[in-house]
Amino acid sequence: MAFVWVIILSVGLIQGVFIISSLQTLFPRGSRKTWLYRLLKGLQITPVLFIFASAIWFFFMEILPIEVAKPYSSLQGIFYIITACYFWLNMVFNYLSAMIISPGYPGTRQELEEDTDIHLESLKFCAKCSRVRDRGTHHCSSCNSCVMFMSHHCPFTNNCVGLNNYAHFYLFLLHCCLGLAFAVYCTYTPFMVCMLNYPSPYKAANMCQELGDYAVMFLVVSFLLVFIFMMFCFHTFLLVVDMSMIDFLKICQKLTCKDWLKVILIDRCIRRKKLLLRKLMLYRREKWWKFLIPGFNEIPELLPPDEFLV
Ligand SMILES: [Zn+2]
Ligand SMILES: [Zn+2]
């Protein structure tokens, strides 16, 4: 029975995020301050938080007792606990940061009018939100605001991914992939032995009875790993060609297959020298190893573009 619940919950939770996201678009712009809309916005992130809580619970309650002998002070036990906690902490920290940190909203006409040094005639403004429209700025209909270097509106964080939170979003995908790969490694043997009846000392120790249908978690984490790894590869590709997701999708609609190879792969990937977008979005820490621990961007936003040009 647990088998059925595990499958329903894992598939249902991911689908739930998309269903709630679609329901929000039904609300006309004027009625987005109602309690129902706010409730939907709050509900959208609960499936992901539930998955995080279940993941660490599953590790300590199911995986660890099966894989490592008690007490867990052996080298293997320490390795398992540190690895799982490290990936989990980085994943949760970067997810929450991508959700909470503002993606970067350009100034509104009203704000700039108060600053007398700026010539408003030389600037373009968005007709919908009256914010400055600069290179890489796009209007997000879900947030009802323009976002600097907008990549996309993420239904899982319920926030736009842009200039200030892109690094967190990308690091979230990276640590998710690493954590899920570790989970696949941990659940592989129980699945093969208990579900596919492979011969192993597990059987004799009656481990399968203890683990029950939870051995099927291997299928769930493998499915999640494939899904998140595809997203990670896509965003890595976008960084290589130095384009935001919105710009990439827009340009792909206009290109034929032959043009796509020339414009995207050869011109942008190989010949391109200016790495403006990648540097603005990703190179925001003083030292490279600071990307490996939970932390915020240290290099401030909106440095003069000339500083980024190679
Ligand atoms: Zn706008
Ligand atoms: Zn948005």
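Quick rundown of the values:
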item: Failed criterion for residue 243 (all others in (1) modelled with pLDDT of 75 or more; (2) assigned to a helix (DSSP H, G or I) hold); result: (2)
item: Residues that are small (Gly, Ala, Ser) and either within 8 Å of ligand 1 (Cβ to nearest atom) or surrounded by fewer than 20 Cβ atoms within 10 Å (Cβ to Cβ) (or both), drawn from region 126-142; result: 127, 130, 141, 142
item: Any hit, region 115-122, residues being among the β-branched types (Val, Ile, Thr), on the phi < 0 side of the Ramachandran plot, without any contact (Cβ under 8 Å) to a residue 24 or more places away in the chain and touching a Phe, Trp or Tyr at 6+ places or on another chain (Cβ under 9 Å); result: no
item: Criterion (without any contact (Cβ under 8 Å) to a residue 40 or more places away in the chain, within 19 Å of residue 171 (Cα to Cα) and either more than 16 Å from ligand 1 (Cβ to nearest atom) or crowded, with 19+ Cβ neighbours inside 10 Å (or both)) met by exactly one of 82, 45, 101; result: 82
item: Hits in region 162-180 (condition: assigned to a helix (DSSP H, G or I) and either within 12 Å of the chain's Cα centre (by Cα) or within 16 Å of ligand 1 (Cβ to nearest atom) (or both)); result: 166, 167, 168, 169, 170, 171, 172, 173, 174, 175, 176, 177
item: Only listed residue being in contact with a Gly (Cβ under 9 Å, 6 or more places away or on another chain), of a type in the set (S, T, N, Q) and at pLDDT 80 or above, chosen from 94, 90; result: 90
item: Region 145-161: number of residues that are more than 23 Å from residue 172 (Cα to Cα) and more than 8 Å from ligand 2 (Cβ to nearest atom); result: 1
item: Qualifying residues in region 106-140 (those that are within 24 Å of residue 239 (Cα to Cα) and at pLDDT 85 or above) - the one farthest from ligand 2 (Cβ to nearest atom); result: 133
item: Where residue 71 falls short, out of the listed (1) surrounded by 16 or more Cβ atoms within 10 Å (Cβ to Cβ); (2) farther than 26 Å from residue 290 by Cα; (3) of a type outside the set (A, V, I, L, M, F, W, C); result: (1)
item: So residue 148, is it at pLDDT below 90, within 16 Å of ligand 1 (Cβ to nearest atom) and not small (Gly, Ala, Ser); result: yes
item: Condition check for residue 60: at pLDDT 75 or above, surrounded by 13 or more Cβ atoms within 10 Å (Cβ to Cβ) and of a type in the set (A, V, I, L, M, F, W, C); result: yes
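The values are calculated or read from the model by the stated rules, or taken from the named source; none is laboratory data. This is a predicted model, so every value here is computed, not measured. Backbone-built Cβ (ideal geometry, glycine too); neighbour counts: all protein chains shown.
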